[in-house]
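Peer 1: Sharing a structure with you now.
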Amino acid sequence: MQAASKALIRAYLKSFNAKSKVVQQQGINNAAARITDYQINAHGLTPHYQLAGFIYQKLISKMKKIEHTTRAHALLSASGADRWLNCTPSPRLEENFKNESSSFAQEGTLAHEFAELLLKKYLNRIDAKAYKAQFTALSKAEYYSAEMLDYVNVHVTYALEQFAAAQKSDKHAVLLIEERVDITHLIEGGFGTCDVIIIACGVMEVVDLKYGLGVRVSPDNNSQLKLYAAGALDKYDVKYDINSVILTVTQPRMDSISSWEIAASDLIKWGEQVVKPTALIAYQGQGEQKTGDWCKFCKASPKCAAQQALALEAAREAFTDPQLLTDEQLTEVYAKIDAVSKWFSSVQAYMYAEAMGGKKWDGLKLVDGQNRRGWSDEQAARELLAGNYKTEDFTNVKMKGIGEIEKLVGKKNFPIMFSEVLESKRTSPTLVDESDKRPEMVNEDYFEDLDEEI
């Protein structure tokens, strides 16, 4: 047993020192697989294997860096599954464009690291000294804020409550944190990391934290989550006899936690009949380019021929006197406006970035921006004015926005303090596709309510 644990430790160290990312990744896969029992039954293992697990925890941050780098270069990523399952040529087309991280991605990564750390703390899977050291390091990150902790705790609380409920019905219930899953049985080189996995009574719940604020993410038939769940099911089905899978998205900044359930057999069927054959086509860069919601984050979007065709089609229909179009034609044009507008914006942003990088576009040129006056030293300007004018003559005092005030007083205190002085104003109605899940508005009700507000 001692020799086995020493071999395990040596395998870790060799993996992290390997120069080749492929070798690193293979080592990580092997190490992660062999440590699973440690994560679940650490207290029942010998000190040698507990030592191996301790070293695993020490190296976990380095493992994540390697994993993030590899994930960025994975051709068929789980996060992009909705795109390549619908537009199979897109992964190969995207290879022609730079893979750049955004501030939103970095903020999301930090939120996930806090979620992992807090869960380990509450589940007693990290000692106080290690927790304090890691928390201090994370709190020095650029995107850290007390507000982030409040939001992350919504996700953490949900996971803990689900686990507590699972333990009541199954004393062998399991909660796994940042669990790496292999999806190579469906996708070449496929892998992913589940934020939280809870298994009890033949039911597996995969909980995914989405820290973004701009777009509400639904778990319903969510390709990314289904792939993560497929990997987890392949890994744990034999041991836990899983018959049902729940996909949950926690999106605390949008005050949303939603779940969707699928039979394990249906998830396996989807993987074998949909993902596997489609992945083979996508890996070769074959198939038909198709436009849809999945185009939003596609790096190839600015040069996409399918989106150009959609824009030209919409233009041909729209550049006719609207009075001569039928209702059906107008509806068709309206349905394309959002996609075409986003494509125009992506083309504009891409060409500008290329021009700033030195590319010369035929018929176009970069010109200097306009000069706009601004204070180089605002405090000095205030001092020059202070002797001759009243402060209110040269400064504006305005109440900060509701979001900033909520950060100041805290999310829990905010409704208590301001319930008497806070009002909610209705925005204008939105014309959307019939597939939208929101209920249809009755025009008469809207205008009657509007009259009352006025």
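Computed from the coordinates by the stated procedures, all read-outs in this text should not be read as laboratory data. In this text, all values refer to a predicted model and were calculated from it rather than measured experimentally. Glycine also receives a Cβ, built like all others from the backbone with ideal geometry; neighbour counts cover every protein chain displayed.
Peer 1: What are the radius of gyration and Dmax of the range 221-286, computed over its Cα atoms and given in Å?
Peer 2: When restricted to the Cα atoms of the range 221-286, Rg and Dmax are 13.9, 40 Å.
Peer 1: So, one more: Percent of alpha carbon pairs in the range 191-252 separated by more than 18 Å? Show your work: numbers first, answer last.
Peer 2: Working: 611 of 1891 pairs.
Distances greater than 18 Å cover 32 percent of the Cα pairs.
Peer 1: Grab the other residues whose beta carbon is less than 14 angstrom from that of residue 98, score K and R as +1, D and E as -1, and report the net.
Peer 2: It works out to a net charge of -1.
Peer 1: From zero up to wherever the largest Cα-Cα distance of the range 293-356 sits, split into 10 Å bins and tell me the percent of pairs in each.
Peer 2: Bin by bin from 0 Å, the calculated values are 20, 46, 24, 9, 1.
Peer 1: Over the range 150-211, what is the mean sequence separation of C-alpha contacts under 8 Å (at least six apart), divided by residue count, expressed as relative contact order in percent?
Peer 2: RCO, the range 150-211: 29 percent.
Peer 1: Right, something else. In whole percent, what relative contact order does the range 293-356 give with Cα contacts below 8 Å and a gap of six or more residues?
Peer 2: Reported as a whole number, the value is 47 percent.
Peer 1: Once the convex hull of the C-alpha atoms of the range 371-445 is built, how many Å³ does it hold per residue, rounded to a whole number?
Peer 2: Values: hull volume 21.5 nm³, N = 75.
Dividing the Cα hull volume of the range 371-445 by its residues yields 286 Å³.
Peer 1: Now, a different point. Please list 302-309, 249-256 highest first by mean number of surrounding beta-carbon atoms within 10 Å per residue.
Peer 2: Ranking the peptides 302-309, 249-256 by packing returns 249-256, 302-309.
Peer 1: Follow-up question, since we're still on this one. Equivalent-ellipsoid semi-axes (√(5λ), Cα gyration tensor) for the range 103-283, whole Å, largest first? Mind showing how you got there, number by number?
Peer 2: Details: eigenvalues 154, 80, 46 Å².
Computed over the range 103-283, the values are 28, 20, 15 Å.
Peer 1: Arrange the peptides 400-406, 331-337 so that the one whose residues have, on average, the most other Cβ atoms within 10 Å appears first.
Peer 2: Ranked from most to least packed, the peptides come out as 331-337, 400-406.
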